[in-house]
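Below is one structure; the comments refer to it alone.
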Amino acid sequence: MKTNDVKRCRGVEKAEEERKKIHEKEDEICALKDEIKALRRRSAQLDRSVRKHAVYANYMKEVAQVRKQAPGQVMSCFATLTQSRTDLMPTALHNLDRVQNAHAELACYRQQATDVIVRHNNALEQLISEWDMIQAHRMMMESQWAHILDTSAKKTLQLGTVKMAILNLSQIVHTNEKSGDAPLDPEDTMKQLDQVGRVKY
């Protein structure tokens, strides 16, 4: 019995070890699959990069063929151009700064001009409003003046009628009194009114 138990325990332990090894291998296989996928993706990226940059190699070959120069000579020209670019870069950056500053100043001037235009427009609107008020007041005053002139004309007509009536009464009184005095001045309405007022009825 003990021998069988020992064998069985050893068999169980061995089976457990095998299962662990199988799990480890499975994990390794999964890790390798992931690594293969990553490598394939990287390979595809590199292929795309090579195809993308192949145009430069082709261009260099075409330039070399056109100019009858070896690629090394073309690269030397390229190095010269690169150095020239490096030398010109500070000037280009300086000019870029000047352009940016000019743009900033222009934006500032535009803003100032806009502010001035807004202020002038506001002042113009204020002047227009005041002008409209003055025009309305002028029209009202003209209307009142026309009314005054019309009223004055009516009053003048009425006054002329009253003066004529007083003159007529004064002449009637003078005729009836038979005093022998000279008639009153036709324009002296106040004396004529006094004369009529002294008459006893």
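What the table below lists for this structure:
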quantity	calculated
Rounded to whole Hz, the Karplus (6.51, -1.76, 1.60) HN-Hα couplings of region 142-151, x for glycine and proline	5, 5, 5, 5, 5, 5, 4, 4, 5, 5
Viscosity 1.567 mPa s, 4 °C: Kirkwood-radius Stokes-Einstein D of region 142-201 over Cα pairs, µm²/s	98 µm²/s
Spacing of the two label points (7 Å from each Cα toward its C-beta) at T151 and L88, in nm	9.0 nm
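Rule-based calculations on the coordinates, nothing more; no lab input. Because the structure is predicted, anything quoted here is derived from the model rather than measured. As a convention, Cβ positions derive from the backbone with ideal geometry for all residues, glycine included, and neighbour counts pool all protein chains shown.
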